[in-house]
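**Student:** Questions regarding the structure given below will be posed in turn.
The values are calculated or read from the model by the stated rules, or taken from the named source; none is laboratory data. Small disclaimer: the values here were computed from a predicted structure and weren't measured. Ideal geometry is used to build each Cβ from the backbone, glycine not excepted, and the neighbour counts take in all protein chains shown.
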Amino acid sequence: MNEIAKQCKQLKKNFQPKIKDPTQPVSTWSEKDVLDKKIVNTFVIIFRTRGCTWALKSGCSMCGYFNDSLWKNITDEDFLKQFQKIMEKYQDQKYIKIFTSGSFLDPKEIKPKIRNKILKTLYETAEKVSVESRPEYITQNNLSEIKKITKTKKFQIGIGLETSNDELREKIINKGFTYEEYKKSIKNLKKYNYTSKTYVIVKPPSLTEKESINDSIQTIKKIKNLTETISLNPINIQKNTVVEYLWKRKQYRPPYLWSIQEILKQGKKITPDKRIQCSIVGGGSPRGAHNCKKCDKKILKSINDFSLKQDTKILKKQDCECYNKWLDLLEIEKLSFGSIVDI
């Protein structure tokens, strides 16, 4: 176990999950996304599960979704009660996104028979379902079972590759899989005519703002011919994580919104025929990607609008005084020992 893995594990040592109702999902809501090149309403589901298997072992340095997990096995009956409550809020949206604390295809997190029952019910109405999974669960066995349900309808799996740099993914992010394993999972998806969405992290700890921009751009270049959708994943400060540990000690700052805009603009030039998008959690707050507060709201809107319409002209012009400060930071920060925090 490397040092970052040990620290991830240590931060969970005294963690006590809050008592939560196993029959209640974490959340559901409706949001805009694109289906068949049209902007549509999508139904978003977050199931409450035992937790990500990797998080229970050590976990990623930035991920705090385990805070919403039960940390104990959930009965089939309770899981189906969650699903029943979810379906009471469903309004026949054709595009459905499913999230858990970890991997929808992990049999320890969701039993295959429960997973299949959920998909069968959703595909009675839905045209597309999107889930997330680590590469080790994107197996031919799992995909062949799902194919019996989806048939000719759309199915997408989001994979948190984060970076194409194996050393950075292992020693800083502690992701627990290699770039080659990611490529193998993509190959398996293509065999079943399924699509992938690949998450690319923006500003992992230890990288400066400029280094992070460059790493994201290099990753986009490397995966552009592998995945159908690229989704930027700007770090937000989640509780009981290595990133929060650094942030509280003023050794880390979440990325600037200017950096995200720059990656989106360059990324779209690199891969004009693929979707590149970004959904920012906690944007405009000290714990999320932000600029100077004055321009945060309009920059966040431009990033959201671009993600839907894929037109780089939407991305806001550099008309705030903090833009030049950001440019200066990109040059000054290389003289420091990492991320320069807000003063």
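**Student:** Specify which of the listed residues (Leu300, Leu329) is in contact (Cβ under 8 Å) with a residue 60 or more places away in the chain, part of a helix (DSSP H, G or I), in contact with a helix residue (DSSP H, G or I) (Cβ under 8 Å, 6 or more places away or on another chain) and crowded, with 19+ Cβ neighbours inside 10 Å. Step through it out loud before you land on a result.
**Tutor:** Working: Leu300 fails: in contact (Cβ under 8 Å) with a residue 60 or more places away in the chain.
Result: Leu329 is the single residue among Leu300, Leu329 that is in contact (Cβ under 8 Å) with a residue 60 or more places away in the chain, part of a helix (DSSP H, G or I), in contact with a helix residue (DSSP H, G or I) (Cβ under 8 Å, 6 or more places away or on another chain) and crowded, with 19+ Cβ neighbours inside 10 Å.
**Student:** Additional query: With the requirement that a residue be out of contact with any Pro (no Cβ under 7 Å at 6 or more places or on another chain) and surrounded by 17 or more Cβ atoms within 10 Å (Cβ to Cβ), what does the stretch 246-255 give you?
**Tutor:** Of all residues in the stretch 246-255, those out of contact with any Pro (no Cβ under 7 Å at 6 or more places or on another chain) come to 247-251, 253.
Within the stretch 246-255, Trp247, Arg253 meet the criteria.
**Student:** Right, another one. From the list Ile220, Ile213, Ile230, exactly one residue is among the hydrophobic types (A, V, I, L, M, F, W, C), surrounded by fewer than 24 Cβ atoms within 10 Å (Cβ to Cβ) and touching a residue at least 12 places away in the same chain (Cβ under 8 Å). Which is it? Reasoning before the result, please.
**Tutor:** Numbers: Ile220 fails: surrounded by fewer than 24 Cβ atoms within 10 Å (Cβ to Cβ); Ile230 fails: surrounded by fewer than 24 Cβ atoms within 10 Å (Cβ to Cβ).
When all the criteria are applied, what remains is Ile213.
**Student:** Next up: Between Ser185, Ser101, Ser130, which is closer than 30 Å to Asn214 by Cβ and in contact with a Gly (Cβ under 7 Å, 6 or more places away or on another chain)? Write out each step before concluding.
**Tutor:** On the way: Ser185 fails: in contact with a Gly (Cβ under 7 Å, 6 or more places away or on another chain); Ser101 fails: closer than 30 Å to Asn214 by Cβ.
That would be Ser130, the only listed residue that is closer than 30 Å to Asn214 by Cβ and in contact with a Gly (Cβ under 7 Å, 6 or more places away or on another chain).
**Student:** For the structure I just gave you, tell me whether Lys148 is under 30 Å from Asp92 (Cβ atoms) and crowded, with 16+ Cβ neighbours inside 10 Å. Write out each step before concluding.
**Tutor:** On the way: under 30 Å from Asp92 (Cβ atoms): yes; crowded, with 16+ Cβ neighbours inside 10 Å: no.
The answer is no for Lys148.
**Student:** Among what's in the stretch 56-91 and is hydrophobic (A, V, I, L, M, F, W, C) and outside any loop (DSSP other than H, G, I, E, B), pick the residue that is surrounded by the most Cβ atoms within 10 Å (Cβ to Cβ).
**Tutor:** Narrowing the stretch 56-91 to residues hydrophobic (A, V, I, L, M, F, W, C): 56, 60, 62-63, 66, 70-71, 74, 79-80, 83, 86-87.
Next, from what is left, pick out any that are outside any loop (DSSP other than H, G, I, E, B): 56, 66, 79-80, 83, 86-87.
Numbers: Leu56: 18, Phe66: 24, Phe79: 22, Leu80: 14, Phe83: 19, Ile86: 22, Met87: 14.
Once the filter is applied, the top-ranked residue is Phe66.
**Student:** Output the number of residues of the stretch 264-279 satisfying the condition of being hydrophobic (A, V, I, L, M, F, W, C), touching a strand residue (DSSP E or B) at 6+ places or on another chain (Cβ under 8 Å) and in a helix (DSSP H, G or I).
**Tutor:** So in the stretch 264-279, the residues hydrophobic (A, V, I, L, M, F, W, C) come out as 264, 270, 276, 278.
After this cut, where a residue has to be touching a strand residue (DSSP E or B) at 6+ places or on another chain (Cβ under 8 Å) as well, the list is 264, 276, 278.
Remaining after also requiring in a helix (DSSP H, G or I): 264.
The number of residues fulfilling the criteria is 1.
**Student:** Would you check if Ile4 is modelled with pLDDT of 95 or more and under 23 Å from the mean Cα position of the chain (by Cα)? Explain how you work it out, then say what you get.
**Tutor:** Values: modelled with pLDDT of 95 or more: no; under 23 Å from the mean Cα position of the chain (by Cα): yes.
Taking the combined requirement at face value, the residue does not satisfy it.
**Student:** Moving to a separate point now. Scan the stretch 266-275 and tell me whether some residue there is modelled with pLDDT of 95 or more, buried (at least 23 other Cβ atoms within 10 Å of the Cβ), in contact with a Pro (Cβ under 8 Å, 6 or more places away or on another chain) and not aliphatic (A, V, I, L, M).
**Tutor:** Checked the stretch 266-275: no residue is modelled with pLDDT of 95 or more, buried (at least 23 other Cβ atoms within 10 Å of the Cβ), in contact with a Pro (Cβ under 8 Å, 6 or more places away or on another chain) and not aliphatic (A, V, I, L, M).
**Student:** Let me ask something additional. Where the second residue is part of a helix (DSSP H, G or I) and of a type in the set (S, T, N, Q) and the first is within 19 Å of Lys6 (Cα to Cα) and lies in the stretch 235-264, which pairs have Cβ atoms under 8 Å and are six or more apart or on separate chains?
**Tutor:** Gln238/Asn67; Lys239/Asn67; Asn240/Asn67; Val242/Gln7; Tyr245/Gln7
**Student:** Would you check if there is a residue in the stretch 58-70 being over 21 Å from Val243 (Cβ atoms) and touching a Pro at 6+ places or on another chain (Cβ under 8 Å)? Talk me through it step by step, then tell me what you get.
**Tutor:** If we filter the stretch 58-70 for residues that are over 21 Å from Val243 (Cβ atoms), which is where we start, we get 70.
Restricting the remaining residues to those that are touching a Pro at 6+ places or on another chain (Cβ under 8 Å) gives 70.
Looking for residues that are over 21 Å from Val243 (Cβ atoms) and touching a Pro at 6+ places or on another chain (Cβ under 8 Å), one finds at least one in the stretch 58-70, hence yes.
**Student:** Could you grab me the full set of residues in the stretch 156-181 that are in contact with a strand residue (DSSP E or B) (Cβ under 8 Å, 6 or more places away or on another chain), over 16 Å from Ile223 (Cα atoms) and surrounded by 22 or more Cβ atoms within 10 Å (Cβ to Cβ)?
**Tutor:** Matches in the stretch 156-181: Ile173, Lys175.
**Student:** So Ile96 ticks every box in (1) surrounded by 18 or more Cβ atoms within 10 Å (Cβ to Cβ); (2) over 27 Å from Ile39 (Cα atoms) but one. Which box is left unticked?
**Tutor:** Failing condition for Ile96: (2).
**Student:** List every residue pair whose Cβ atoms lie under 7 Å apart, where the two residues are 6 or more positions apart in sequence or sit on different chains, the first residue falls within the stretch 1-17 and is at negative phi, and the second residue, located anywhere, is surrounded by 13 or more Cβ atoms within 10 Å (Cβ to Cβ) and basic (Lys, Arg).
**Tutor:** Asn2/Lys171; Ile4/Lys171
**Student:** Further question: So in the stretch 306-317, with the set limited to residues that are on the phi < 0 side of the Ramachandran plot and surrounded by 14 or more Cβ atoms within 10 Å (Cβ to Cβ), which one is modelled with the lowest pLDDT? Let's see the steps before the verdict.
**Tutor:** Within the stretch 306-317, the subset on the phi < 0 side of the Ramachandran plot is 306-309, 311-317.
Keeping just the survivors that are surrounded by 14 or more Cβ atoms within 10 Å (Cβ to Cβ) gives 306-308, 312, 314-316.
Numbers: Phe306: 97, Ser307: 97, Leu308: 97, Thr312: 95, Ile314: 95, Leu315: 94, Lys316: 80.
Among them, the one singled out is Lys316.
**Student:** Would you please list the contacts, defined by Cβ atoms under 9 Å and residues six or more apart or on different chains, that run from a residue in the stretch 115-130 that is modelled with pLDDT of 95 or more and buried (at least 18 other Cβ atoms within 10 Å of the Cβ) to a residue that is assigned to a loop (DSSP other than H, G, I, E, B) and among the hydroxyl-bearing types (Ser, Thr, Tyr)?
**Tutor:** From residues that are modelled with pLDDT of 95 or more and buried (at least 18 other Cβ atoms within 10 Å of the Cβ), the pairs are Leu122/Tyr90; Val129/Tyr123.
**Student:** Please state which one of Ile114, Ile45 is assigned to a helix (DSSP H, G or I), touching a helix residue (DSSP H, G or I) at 6+ places or on another chain (Cβ under 6 Å) and of a type outside the set (Ser, Thr, Tyr).
**Tutor:** Values: Ile45 fails: assigned to a helix (DSSP H, G or I).
So the residue among Ile114, Ile45 that is assigned to a helix (DSSP H, G or I), touching a helix residue (DSSP H, G or I) at 6+ places or on another chain (Cβ under 6 Å) and of a type outside the set (Ser, Thr, Tyr) is Ile114.
**Student:** Pairs needed: first member in the stretch 19-34, at pLDDT 95 or above; second member anywhere, assigned to a strand (DSSP E or B) and of a type in the set (D, E, K, R); C-beta distance under 9 Å; at least 6 residues apart or different chains.
**Tutor:** Glu31/Lys97; Asp33/Lys97; Val34/Arg275
**Student:** If you take just the strands (runs of 3 or more DSSP E) that sit entirely in the stretch 118-217, which of them hold at least 2 residues that are closer than 25 Å to Met1 by Cβ?
**Tutor:** Working: elements: 128-132, 154-162, 195-202.
Per the criteria, 154-162, 195-202.
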